[in-house]
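Taking it in order: structure first as structure tokens, then the write-up.
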Amino acid sequence: MKEKIVKIICNKLESNMEELKNDFLYAKDNINTRFIVIDDLLPKDLAFDIYNNFPSKKQMRLMSSFREKKYTFKQLNETSSILRDVTFAFQDSKVVSLIEKITEMPGQRADSSLYAGGVSLMEKNNYLNPHIDNSHDADRRYYRTFNLLYYVTPEWKLEYGGNLELWDTKVKKSCVISSFFNRLVIMETNPYSWHSVSPVVYNKNRCCVSNYYFSDQSPTGEDYFNITSFNGRPDQKALRFFSKIDNFARGSIRLIFKKGVGKNDIFISD
């Protein structure tokens, strides 16, 4: 099944190569983060099958704090093979190569450990506050460069919330990308790529398959390092202030534990 999915994704990317390249290379709505949106990525029956085979919330890890509230899962050997196949299809060398061509950013590396990837689920009242991703992989060898987010909840609507938000560098203006069924979003990640997920306000699970790419080369051309750093929304002034303190505290810890404290949360193959 994986090879079938790879072929479908490649055909989709190749058939829209020039349009996707143009979309990515030019920032939109004063948002510095470059991105592309690809709708109807896979045949609908296949996308439905992926959604129907998501693990239950009981199997997943709940991430709950003032920063975020969502469920994540990486141990794809414990679920239907369709989830593992679609996740790792995005890591196939043919798919990676096409994304390199579209973005004009060579030297991309997929993350087979799913250190930052896997599948995620958000239910009503779940959210992810504005943040920039941690800059490196688990071993701090490679720079994080791309987020690939594939949404699979049928009949999802903009007004349900749970939508991807890309922010300007001051986290004051945002571009909203709805988490529509069978939609793939590819966004760059760097020290300025603030993004978030709006609170889910509908009683339905918003499901996503996530992958991340890394590179030897810094996205900015300069060496840098940052932890995952959070902020509040424009109307959350107290949270903005508290987030600065929290970011400083967690950043200080990383000066001592240079490879972090959650490294074991990775995919372990058979």
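The values are calculated or read from the model by the stated rules, or taken from the named source; none is laboratory data. Predicted model only: the values in this text are computed from it and were never measured. Cβ coordinates were reconstructed from backbone atoms using ideal geometry, including for glycine residues, and neighbour counts include every protein chain displayed.
Check every one of the strands (runs of 3 or more DSSP E) wholly within segment 89-138 and list those with 1 or more residues that are in contact with a Cys (Cβ under 9 Å, 6 or more places away or on another chain). Give the derivation first.
On the way: elements: 108-110, 118-122, 127-132.
The qualifying strands (runs of 3 or more DSSP E) are 118-122.
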Of (1) touching a residue at least 40 places away in the same chain (Cβ under 8 Å); (2) of a type outside the set (D, E, K, R); (3) over 30 Å from TYR127 (Cβ atoms); (4) surrounded by fewer than 17 Cβ atoms within 10 Å (Cβ to Cβ), ASN32 satisfies every one except (3)
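Conditions (1) touching a Gly at 6+ places or on another chain (Cβ under 9 Å); (2) farther than 25 Å from VAL6 by Cβ; (3) modelled with pLDDT of 95 or more; (4) not in a strand (DSSP E or B), marked per residue:
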position: PRO191; (1), (2), (3), (4): no, yes, no, yes
position: SER196; (1), (2), (3), (4): no, yes, yes, no
position: ASN211; (1), (2), (3), (4): yes, no, yes, no
position: PHE214; (1), (2), (3), (4): no, no, yes, no
Note: among VAL176, VAL197, VAL185, just one is closer than 29 Å to TYR224 by Cα, aliphatic (A, V, I, L, M), surrounded by 23 or more Cβ atoms within 10 Å (Cβ to Cβ) and out of contact with any His (no Cβ under 8 Å at 6 or more places or on another chain), namely VAL197
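Of GLU14, GLU68, which residue is acidic (Asp, Glu) and closer than 30 Å to SER243 by Cβ? Let's see the steps before the verdict.
Numbers: GLU14 fails: closer than 30 Å to SER243 by Cβ.
After applying the criteria, what remains is GLU68.
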State which residue is farthest from VAL96 (Cα to Cα) when the search covers only segment 152-178 and only residues that are in contact with a Phe, Trp or Tyr (Cβ under 6 Å, 6 or more places away or on another chain) and part of a strand (DSSP E or B). SER174
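Quick grid of which residues meet (1) surrounded by 20 or more Cβ atoms within 10 Å (Cβ to Cβ); (2) over 30 Å from ARG240 (Cα atoms); (3) among the small types (Gly, Ala, Ser); (4) touching a Lys or Arg at 6+ places or on another chain (Cβ under 9 Å):
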site	(1), (2), (3), (4)
ASP39	no, yes, no, yes
ASN53	no, yes, no, no
LYS74	yes, yes, no, yes
SER81	no, yes, yes, yes
SER97	no, yes, yes, no
THR103	yes, yes, no, yes
PRO106	no, yes, no, no
Give all pairs with beta carbons closer than 6 Å in which a residue from segment 66-80 that is over 12 Å from SER210 (Cα atoms) meets a residue that is aliphatic (A, V, I, L, M); count only pairs at least 6 apart in sequence or on separate chains. GLU68/LEU128; LYS70/MET63; LYS70/MET122; TYR71/MET60; TYR71/LEU62; TYR71/LEU121; LEU76/LEU83
